[in-house]
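What follows is a short report on a single structure.
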Amino acid sequence: YHAKQKSNHYLFFNDSMNEQAVKRLQIENLMRFGLKEDHFVVYYQPKMDIISGALVGMEALVRFITPKKGIIPPNVFIPIAEETGQIIEIGEVVLDKACQDVKSWIDAGLFEGRVAVNLSAKQFSLPDLTTRIDVILQKNQLPSYFLELEITEGTVMDDPQEAIAIMRSLSARGIHLAMDDFGTGYSSLAYLKQFPLNTLKVDKAFIDDMHNERGRNMVDSIVTIAHNLDLHVVAEGVEREEQLAFLKSLNCQTIQGYYYSKPLSYEEFTVFLKQQKRKPTLKVLHSDFA
Ligand code: C2E
Ligand code: MG
Ligand code: MG
Ligand code: MG
């Protein structure tokens with residue numbers, strides 16, 4: 001009986017290991033094929049000013065839409081793409097598409113803010129990162145001050161001194177930098193003040209936790225730190241009125257979440273922009289980079 005149990009356990013373990021490996025390989029192959037066949041699509045989620053309800057900007061979020069397996073969520077394929085290095089190519093497809101789409105909205109007189117694009121650790125550490133970004137901006141004739149890049153703590157804490165140098169070269173181009181998922185990774189407050197950041201994004205996990213007092217105190221503290229460092233704050237994953245009200249009391253300026261809108265396709269976002277047109281919009285200050 002013991003032996004059988006042992007062997008069952010072994011078998012189960014082996015199978016699930018195998019299953020995982022097969023699934024990973026399957027997704028890797030789907031991504032390789034998807035890159036050739038344009039299966040990566042970019043959606044946009046609005047970032048709204050908490051006081052005026054005006055559109056401030058948007059975040060580009062990749063969607064992997066396969067004909068055979070349907071939509072594969074970022075949380076499934078991004079970690080695999082990070083490991084295989086395919087994230088570099090996927091990231092560039094997203095950046096290129098985001099620049100192209102934003103350029104079209106600017107040209108149509110529908111938008112004057114920044115588009116935020118997520119930058120993976122692998123992309124961030126490419127020796128020719130800035131050249132690659134310059135090429136994509138130029139190709140789309142988009143001035144760099146319409147771009148914001150979102151990076152995570154893990155990306156910059158790997159080699160903070162090197163990260164500061166890279167961030168400075170991006171920032172010198174007028175590109176804004178946001179720290180994404182703040183507080184969920186390994187980060188150092190000592191470095192936070194040294195990074196040339198513009199924005200700090202409070203992770204959804206903290207927003208979700210605002211139903212209790214300790215959770216609210218936590219968000220209060222994060223917003224205070226950000227403001228003390230002269231950083232703009234974006235609250236991510238805001239879904240409910242109470243969350244909005246509390247964030248407003250903390251003077252957190254910008255909200256991104258289902259409360260306002262889910263990520264939208266290019267066509268849907270165009271409609272959203274036309275509706276926003278009736279409201280005042282916040283413009284990029286072209287003097288705001290140097
Ligand atoms: P993120 O950059 O922190 O993006 C925010 C995520 O929160 C998005 O998930 C968005 O759809 C979701 N979200 C926003 N508001 C709400 C809300 O009110 N409720 C709920 N339940 N969710 C909300 P998504 O699009 O699934 O992306 C997940 C993560 O995948 C992103 O987190 C980012 O880390 C990564 N990712 C997405 N697109 C890209 C990309 O183009 N490049 C890279 N490197 N990573 C990406
Ligand atoms: Mg992000
Ligand atoms: Mg985030
Ligand atoms: Mg996230």
Over the range 188-207, the set of residues within 14 Å of the chain's Cα centre (by Cα) and either more than 12 Å from ligand 4 (Cβ to nearest atom) or modelled with pLDDT under 95 (or both) is T199, L200
Over the range 149-160, the set of residues open to solvent by less than 20 Å² (accessible area, probe 1.4 Å) and either touching a residue at least 40 places away in the same chain (Cβ under 8 Å) or not in a helix (DSSP H, G or I) (or both) is L149, E150, I151
Of (1) surrounded by fewer than 19 Cβ atoms within 10 Å (Cβ to Cβ); (2) over 29 Å from A165 (Cβ atoms), G85 satisfies every one except (2)
For the range 55-67, pairs from a residue that is open to solvent by 10 Å² or more (accessible area, probe 1.4 Å) and within 14 Å of ligand 3 (Cβ to nearest atom) to a residue that is polar (S, T, N, Q) and part of a strand (DSSP E or B), with Cβ under 7 Å and 6 or more apart or across chains, are L61/Q45
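So, in the range 165-211, exactly how many residues are of a type in the set (D, E) and over 20 Å from E148 (Cβ atoms)?
Residues of the range 165-211 that are of a type in the set (D, E), as a first pass: 180-181, 203, 208-209.
Next, only the ones that are over 20 Å from E148 (Cβ atoms) stay: 208-209.
Number of matching residues: 2.
Can you say whether A163 is crowded, with 18+ Cβ neighbours inside 10 Å and more than 16 Å from ligand 3 (Cβ to nearest atom), as far as the supplied structure shows?
When the stated conditions are applied, A163 passes them.
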Right, F111: over 17 Å from Y191 (Cα atoms) and away from ligand 1 (no atom under 13 Å from the Cβ) or not? yes
- Query: Quick check: anything in the range 177-187 within 16 Å of ligand 4 (Cβ to nearest atom), open to solvent by 60 Å² or more (accessible area, probe 1.4 Å), more than 21 Å from Y258 (Cα to Cα) and not in a strand (DSSP E or B)?
  - Reply: yes
Just one listed residue, out of V233, V238, is outside any helix (DSSP H, G or I) and in contact with a Cys (Cβ under 9 Å, 6 or more places away or on another chain), and it is V233
Within the range 128-148, restricting to residues that are outside any helix (DSSP H, G or I) and under 17 Å from S104 (Cβ atoms), the one that is most open to solvent (accessible area, probe 1.4 Å) is Q141
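Quick check on my filter: what residues within the range 193-206 are within 16 Å of ligand 3 (Cβ to nearest atom) and either surrounded by 20 or more Cβ atoms within 10 Å (Cβ to Cβ) or of a type outside the set (K, R) (or both)?
Just the residues of the range 193-206 that are within 16 Å of ligand 3 (Cβ to nearest atom), to begin with: 197-206.
Within the range 193-206, L197, N198, T199, L200, K201, V202, D203, A205, F206 qualify.
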Subset of the range 194-210, residues touching a residue at least 12 places away in the same chain (Cβ under 8 Å) and within 19 Å of E242 (Cβ to Cβ), comes to V202, D203, K204, A205, F206, I207, D208, M210
If we ask which residues in the range 207-226 are touching a strand residue (DSSP E or B) at 6+ places or on another chain (Cβ under 7 Å) and surrounded by fewer than 21 Cβ atoms within 10 Å (Cβ to Cβ), their number turns out to be 1
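The values are calculated or read from the model by the stated rules, or taken from the named source; none is laboratory data. Please read these numbers as outputs of a predicted model, since none were measured by experiment. Don't worry about glycine lacking a Cβ; one is built from the backbone with ideal geometry, like all the others, and counts go over all protein chains shown. For the accessible areas, the whole protein counts, side chains as well, though only heavy atoms, and no ligand, DNA or RNA atoms are used. Shrake-Rupley method; radii C 1.70, N 1.55, O 1.52, S 1.80 Å.
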